[in-house]
1. So Ala16 fits all but one of (1) open to solvent by less than 30 Å² (accessible area, probe 1.4 Å); (2) modelled with pLDDT of 75 or more; (3) among the hydrophobic types (A, V, I, L, M, F, W, C); what number is the exception?
2. Filter the stretch 64-82 down to residues that are part of a loop (DSSP other than H, G, I, E, B) and modelled with pLDDT of 90 or more and give me whichever is surrounded by the fewest Cβ atoms within 10 Å (Cβ to Cβ).
3. Answer yes or no: is there a residue in the stretch 88-98 that is loosely packed, with under 14 Cβ neighbours inside 10 Å and under 20 Å from Thr34 (Cβ atoms).
4. Tell me the residue from Gly24, Gly39 that is at pLDDT below 95 and in contact with a Gly (Cβ under 8 Å, 6 or more places away or on another chain), please.
5. Filter the stretch 53-63 down to the residues that are open to solvent by less than 30 Å² (accessible area, probe 1.4 Å) and outside any loop (DSSP other than H, G, I, E, B) and list them by number.
6. Can you name the residue in the stretch 29-52 that is more than 18 Å from Phe105 (Cβ to Cβ) and in contact (Cβ under 8 Å) with a residue 12 or more places away in the chain and, of all such residues, is surrounded by the fewest Cβ atoms within 10 Å (Cβ to Cβ)?
7. Return the pair list, or none, for Cβ contacts closer than 7 Å from residues in the stretch 92-120 that are farther than 25 Å from Ala48 by Cα and in a loop (DSSP other than H, G, I, E, B) to residues that are at pLDDT 90 or above and open to solvent by 50 Å² or more (accessible area, probe 1.4 Å), at least 6 apart or on different chains.
8. So, Leu127, is that one assigned to a strand (DSSP E or B), open to solvent by less than 40 Å² (accessible area, probe 1.4 Å), over 15 Å from Val18 (Cβ atoms) and among the hydrophobic types (A, V, I, L, M, F, W, C) or not?
Amino acid sequence: MIGTLTFAAVVAMSPAPVRGDFDGDGKIDTAEVTQSGRGQYELIVHLARDERAPVTVATFNELASLHVTTQRPGRHKTWCGKGGGPKDAPCPRREVTLSGDTLAFGTKEASLMVAIWNGESFDVIGLSD
């Protein structure tokens, strides 16, 4: 009974699933937040072209204000490209060019990350913090 109530609470707090062609193969994929077996939450993507296990994009300790959406296409400066973070930290990507459907997630009014498919997994890049 308690397990059922906990699951219902997680479902109620979780962002709605997001659909889009996140790996660029022309088929619609689904991203959703699920509870992991370790008491954490995972943003996973079910790739339409692949029947194997879903791909984990990110792991979270809590769901408070978490949102999952898509990011509009175009050129976007990254967080470090905007001068964020320590001055002496490396900044491997000062900007990203997005096309098509790009999975995005973060906390409302605080952070925005994009997940870019690299052919095998998702590279998570911060656009704001």
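1. (1)
2. Arg72
3. no
4. Values: Gly39 fails: in contact with a Gly (Cβ under 8 Å, 6 or more places away or on another chain).
Result: Gly24 is the single residue among Gly24, Gly39 that is at pLDDT below 95 and in contact with a Gly (Cβ under 8 Å, 6 or more places away or on another chain).
5. Val55, Val57, Ala58
6. Arg49
7. Short answer, once both residue conditions are applied: Arg94/Lys77.
8. yes
The values are calculated or read from the model by the stated rules, or taken from the named source; none is laboratory data. In this text the structure is predicted, and so the values were computed from the model without any measurement. Here the Cβ is made from the backbone with ideal geometry for all residues, glycine too, and neighbour counts use every protein chain on show. Surface areas here come from the heavy atoms of the whole protein model, side chains and all, with no ligands, DNA or RNA. Shrake-Rupley method; radii C 1.70, N 1.55, O 1.52, S 1.80 Å.
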